[in-house]
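Comments concern the structure below.
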Amino acid sequence: MESKGERRTGLLNGFAAYGMWGLVPLYWPLLKPAGAVEILAHRMTWSLVFVTVALLVLRRRRWAGELLRQPRRLGLIAIATAAITLNWGVYIWAVNAGHVVEASLGYFINPLVTIAMGVLLLKERLRRVQWAAVGVGFTAVVVLTVGYGRPPWVSLALAFTFATYGLVKKKVNLGGIESLAAETAIQFLPALGYLLWLTAQGDSTFTTQGAGHAALLASTGVVTALPLVCFGAAAIRVPLSTLGLLQYLTPVFQFLLGVLYFHEAMPPERWAGFALVWLALTLLTWDALRAARSARAEIAGALAQDLATAPRKPTAVAGPDAGDVQA
């Protein structure tokens, strides 16, 4: 019963994390008239404040000293920080500029980009279905390029920066809150310096648009960190295959918001491109589930074989002589 409760808690946290990420396009327009760069700078600044408080409450302090003694790991975190900074900036601009659907496409194709980077950078080998999915995804990008009259730069930028971020984070192997703290610590001084410069120029909206607007800008820290906390709670309670399926909630919500709420245009060629992307993701999901079932079956078979071939321990039985033992 306890494990079922843990899985239920994990699923709820997973839905919360990906749901919040999917609904965040409703939040960024509330921060106007602040521009994308000002919003980004506030997000960096207030995120550090939020995660610092969280780390103090959780009494997690030793990781910082250990990290400072590992220059290579610090360098990787700096690369991850640059990637996620670009990702955040492009995403905020895209939403506020009316490109929510194109932004959602970026997170739809992100798994395909991640696989491609695994092949090119890590020399990973793909199964035939994975190759087929990558080919269908590439075709989708070509179709969407024709539909948009240009390459879907927003989608590609979001997909590649987030894939790079994920790849580097895998190498760093640091907890969710600790990782965000390290990344925002690197971002903090440049972001704060930009905000102070903006204030000195008289262009900051934080001090000129009222207390409500200032509170919304300050809440960017919560909006950034809270989904990550939920994601961390989900990651330790549910299988990775389940998280892999839940991740599609985010771009699905974004896509629906772009079409139904923001009323962005979806001509036939864009529907065709998205249909190809969804086909590629269906192939990837089916292949991943099949591979997981096959792996579980192999492990179960190996365990059964080990049990069958294991030597039996002698069992003592009552006999004429207490010293007699029968195998």
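What value, in deg cm²/dmol to 500, does the helix sum -39500 (n - 2.57) over DSSP H runs of n ≥ 4 give at 222 nm once divided by the residues of the chain?
After summing the helix terms and dividing by residue count, I get -26000 deg cm²/dmol.
Compute the length gained on full extension between Lys170 and Arg128: take 0.36 nm times their separation in residues and subtract their Cα-Cα distance, giving the result in nm to one decimal.
Length gained between Lys170 and Arg128: 12.6 nm.
Roughly how much of Leu112 is accessible, in Å² to the nearest 10, using a 1.4 Å probe?
For Leu112, the solvent-accessible surface is approximately 10 Å².
For the stretch 1-75, which semi-axes, largest first and in whole Å, follow from the square roots of 5 times the eigenvalues of its Cα gyration tensor?
Semi-axes (√(5λ), whole Å): 28, 26, 12.
Apply the Karplus curve 6.51 cos²θ - 1.76 cosθ + 1.60, θ = phi - 60°, to the phi angles in the stretch 126-138 and return the couplings in whole Hz, x for Gly and Pro.
9, 6, 4, 5, 5, 4, 4, 5, 5, x, 5, x, 5
Tell me, what is the 1.4 Å probe accessible area of Trp88, in Å² to the nearest 10?
The accessible area of Trp88 comes to roughly 20 Å².
Within the stretch 78-171, report the trypsin sites (Lys or Arg not before Pro) that DSSP leaves as loop and that have at most 15 other Cβ atoms within 10 Å.
Lys123, Arg125, Arg127
Take the chain, connect every pair of alpha-carbon atoms lying under 10 Å apart with a spring to form a Gaussian network, then pick out the residue of Thr250, Thr242, Thr52 with the largest mean-square fluctuation.
Of Thr250, Thr242, Thr52, the Gaussian network model singles out Thr242 as fluctuating most.
Please find the FRET efficiency linking Arg296 to Leu120, where r is the Cβ-Cβ separation and R0 is fixed at 25 Å, and quote it to the nearest 0.05.
0.25
How much of the accessible area of the stretch 45-150, probe 1.4 Å, is carbon plus sulfur, in whole percent?
Here carbon and sulfur together make up 66 percent of the probe-accessible area.
In the set (i) 19.8; (ii) 18.9; (iii) 24.8, which value of mean projected area of the Cα convex hull in nm² was calculated from the structure you see?
(iii)
The values are calculated or read from the model by the stated rules, or taken from the named source; none is laboratory data. Here the structure is a predicted model, which means the values were calculated and not measured. Positions of Cβ are generated from backbone atoms using ideal geometry, with glycine treated the same way; all protein chains shown enter the neighbour counts. We work out accessible area using only protein heavy atoms, side chains counted, and drop any ligands, DNA or RNA first. Shrake-Rupley method; radii C 1.70, N 1.55, O 1.52, S 1.80 Å.
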